[in-house]
1. Roughly how crowded by other chains is peptide B:203-214, in terms of the mean Cβ count from those chains within 10 Å of each of its Cβ atoms?
2. In whole Å, what is the distance between the alpha-carbon centres of the range A:235-249 and the range A:113-140?
3. By the gyration tensor of its Cα atoms, with a ≥ b ≥ c the square roots of the eigenvalues, what is the shape of the protein assembly as shown: rounded for a/c under 1.5, prolate for a/b over b/c, or oblate?
4. Taking amide H positions as placed 1.01 Å from N in the peptide plane, with prolines and chain starts having none, which residues 5 or more places from residue B:191, or on another chain, fall under 5 Å of its amide H?
5. Please compute the average number of Cβ atoms from other chains found within 10 Å of each residue's Cβ in peptide B:28-34.
6. Taking the full set of protein chains and a 1.4 angstrom probe, give the accessible area of residue B:181 in square angstrom, rounded to the nearest 10.
7. Determine how large the accessible area of residue B:207 is when every protein chain is in place; take a 1.4 Å probe and give Å² rounded to the nearest 10.
8. Grab the other residues whose beta carbon is less than 9 angstrom from that of residue A:96, score K and R as +1, D and E as -1, and report the net.
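The values are calculated or read from the model by the stated rules, or taken from the named source; none is laboratory data. Computed from a predicted model, the values in this text were never measured in an experiment. Neighbour counts are summed over all protein chains in view; Cβ atoms, including those assigned to glycine, are modelled from backbone coordinates with ideal geometry. When the accessible area is computed, the model is the full protein with side chains, heavy atoms only, and any ligands, DNA or RNA have been set aside. Shrake-Rupley method; radii C 1.70, N 1.55, O 1.52, S 1.80 Å.
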Amino acid sequence: MNRIPKGCVSYGAELGGALELCRASFMERFGAYGYVPFFPSGLQLLESSWEMLPPSFRKRLLLVTSPFGEPCCLRPDITLAVVSSLASGMKGAGRPRRICYADRVYKKPEGQDAPVETYQLGAERLGWDGEGADMEMIVLLIGALESMGLVDITIALGDVSIMRTAMNRTGSASAGLVDVLQSGSLTDFLTLVDCADIPDYSRRILRELPFLKGNGDVLDEGAKIFDDPEPFRNLRSLYDGLVSLGYGDRIVLDLGLARELGYYSGPVFDVYAPDSGVPIGGGGRYDALLQRFGVRSQAVGCAINLERSVIDAVSREKDEPLVAWGGGVPRERAFLAAERLRRSGIRFEMSWCDDSAASMRDAREGGQRWWTDLSGDEVIDLERGGSVGLASWSKGRRTC
Amino acid sequence: MLTFVLPTGRVLQDAIALIEAAGLPAGGLSSIGRRLVLEDKGFRFILAKPMDVPMYIVSGVADLGLAGSDVLMETGAPLVDLADTGRGVCRMVLAAPHDQCIGECSGASGDAPERLPRNGRERIGGVPWIRVATKYPGIADRYFSSRGIQAEIIHLNGSVELAPRLGMSECIVDIVQTGSTLAANGLVERATICPVSLRLVASKRSVVQRQREIRSIREAMTAQGKGVDR
């Protein structure tokens, strides 16, 4: 019996291929813009991460002791490992550091059926470089998701500095309010706002902000409620830039988007895929976190959790591999033919049995549709019958 | 198409009344019979077990729904609690037989009880240990943990009131509307854990993507359906 722990997952067959496609697409897109791969250690020292983690995160750590007796946790998040690693060498100035990563992270699940481990893709950009960095992060992320085949996504874009401005006059009530808003209970948030000892001006803004979601018009509405357009300047500039790049249909402004105020510090975003009611990832500016490491600089990042629904969507888009039979010719010739397939960008699996009929039967039983004899140049459709030339097949003309 | 998931059972009539009050097409819901899905005028209604309502929303199958705050607390599902509808009002309570000593009965100070019942469960090194039957293991665990009482949670799916009577547990944690079922089974309400009511909830994605429709439903429900717009 092959049982794995509840909440954990092994990716194989099509899902494994789809996961690899996601990883490669993401790393390639960010790599082209100078982001360098980073592979953090699986165990993280508690002494390095504890103080930096939000309380809600601390409760979800999976604790272990290393064989050397050091208190550790399984890597709960990669951003923190990247920041702590890079921040130690940063002095605030100099060329921005760019990092991208793809690895598993481990957290105590939030619900009965939630996962313990997820596969996380992400990128971080540390160092002063102006507001273009915010746009770079979002544009590269959209491009990476597109190259995985995830075109039908929505990005909810907000700015935590708007909420911070709204909280300016609320005193000690602010921390509790943000926690409740983050928990998702608008009912409790509005109750707290109504009961809190805060000025009416703040109360009016806080009651409205969570409902301001939509296109650029909500920025005008927000400015009207604040009676001041200044808190919305950065977000408007970022939004207008994304719209002019043609991403307007994927961006929804969300002025109530809340994150830990001591961690995030500017534009933030959540990413939604069609098959899930919760975000598959997000990101944003976290200068405040970097400051906790003693570095006053700019930090922006993003991360996507490749949950089952996302990988499923990718695997639906993926090409089926071709079965390439090499049993009918000397092995060396078969390898040379296989190399030609590889250079043409065709994905294939070698079959070495002596009998072509047996090879086709095995392929059919394995649910594979396309088969070719490496001594020839035809592809046979095992499902519907008939054949098509290899050159046509590789260009997508697969009607036999 | 906006997909709405509604809880079957005790609160279904309240849910239908809210849908009607909000001006949504609820005509077919009263006579839905054994069907679990109904589509009408741009809305799809799904009927689900109350405890499953959050799952339909989190998974993205439904945009919004009605769920008891007890269910939201128990599941801890990551969704948006949009409004307290003011319907389906009851309370989550701790109840026990009138002569049963539990953590909260030893005096105003809230000290550990003087005596706990049979089976060698009285105390372990001075720490009280009681058995609690409930449909809400998460809520019960948090309640007793926060009071420093060691509780063995017995997860039952119904007829929780039977457990103390049959010696399975010393007390129960359950929702109560009038208290008549408790009384009929020889149980007394000892503490109110929290009030419970029917909440309008939605997925995070739908709140972002369909904000205007969802906001207007929220406003209609809180304005006309005895909702509590706080």
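1. 6
2. When both Cα centres are located, 18 Å separates them.
3. The shape class here is prolate.
4. B:94
5. For peptide B:28-34, the averaged partner shielding equals 0.
6. About 70 Å², rounded to the nearest 10.
7. Ignoring ligands and nucleic acids, residue B:207 comes out at about 10 Å².
8. Neighbourhood net charge equals +3.
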